[in-house]
Amino acid sequence: MTANVMVVVERQFDYPRPDVFQAWTQPAEMARWRGSLGWHVEPDTVTSDLRLGGRHHHVKVRDNDPTARVTTDAVFTEFFDPDVFVARQRITGDPGIDPDVPLELRVEFSKTGRDGTLLRIIQGPFEPDVAGQHSRGWEQELDRLQTYLTEHEQRAPEVSR
């Protein structure tokens, strides 16, 4: 089989682009919500040099088996705060991903309405038989992002938007 499927996931958030972009790019924030159901990111593994050519690293760990680890190493090939970032990724530890075949992750943040953000994730290429699994994983992570943004707003509400 040939890895030729791109996963595309979109979600509307009722939060300004800078807030959503920051949740994706600031290591301390990202570590609080990334990971699909049954997984979490180890906070001390997250590093990001937020610029063109900058590197990113994080490790996801299975909640009930800390020996199950998926490592992502990436280089930013585009970085425009708060509009978009693109990273060339090497993922190891995921049985559905060949660690010798780089993936591309593109995350777009489009302003909608007064303070909304349409988030669009494009990632791949994946083998056809594993693309659906990764799409579902992104949906679960975006559920966690929604929860994080809601809790973050309740902790530190803005005076005015």
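Quick notes on this one:
- Flag if Thr77 is assigned to a strand (DSSP E or B), in contact with a helix residue (DSSP H, G or I) (Cβ under 6 Å, 6 or more places away or on another chain) and more than 18 Å from Ser36 (Cα to Cα): no
- Residue in segment 22-39 that is part of a strand (DSSP E or B), open to solvent by 60 Å² or more (accessible area, probe 1.4 Å), under 18 Å from Leu142 (Cα atoms) and of a type in the set (A, V, I, L, M, F, W, C) present: no
- Just one of the listed residues (Thr67, Thr25, Thr47, Thr2) is at pLDDT below 95 and of a type in the set (Val, Ile, Thr), namely Thr2.
For every residue, the table says whether it meets (1) at pLDDT 95 or above; (2) open to solvent by 30 Å² or more (accessible area, probe 1.4 Å); (3) assigned to a helix (DSSP H, G or I).
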| position | (1), (2), (3) |
| --- | --- |
| Val101 | no, yes, no |
| Glu104 | yes, yes, no |
| Pro125 | yes, yes, no |
| Val130 | no, no, yes |
| Ser135 | yes, yes, yes |
| Gln140 | yes, yes, yes |
| Asp143 | yes, yes, yes |
| Gln154 | no, yes, yes |
| Glu158 | no, yes, no |
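- Any hit, segment 111-119, residues being surrounded by 15 or more Cβ atoms within 10 Å (Cβ to Cβ) and closer than 17 Å to Val7 by Cα: yes
- Tally of residues being surrounded by 16 or more Cβ atoms within 10 Å (Cβ to Cβ) and touching a Pro at 6+ places or on another chain (Cβ under 6 Å) across segment 68-88: 1
- Any hit, segment 17-40, residues being over 21 Å from Leu149 (Cβ atoms) and in contact with a His (Cβ under 8 Å, 6 or more places away or on another chain): no
- Breaking point among (1) part of a strand (DSSP E or B); (2) over 22 Å from Gln146 (Cα atoms); (3) not hydroxyl-bearing (Ser, Thr, Tyr), for Asp94: (1)
The values are calculated or read from the model by the stated rules, or taken from the named source; none is laboratory data. Model, not experiment: these values are computed from the prediction. Ideal geometry is used to build each Cβ from the backbone, glycine not excepted, and the neighbour counts take in all protein chains shown. Only protein heavy atoms, including side chains, enter the accessible area calculation; ligands, DNA and RNA are left aside. Shrake-Rupley method; radii C 1.70, N 1.55, O 1.52, S 1.80 Å.
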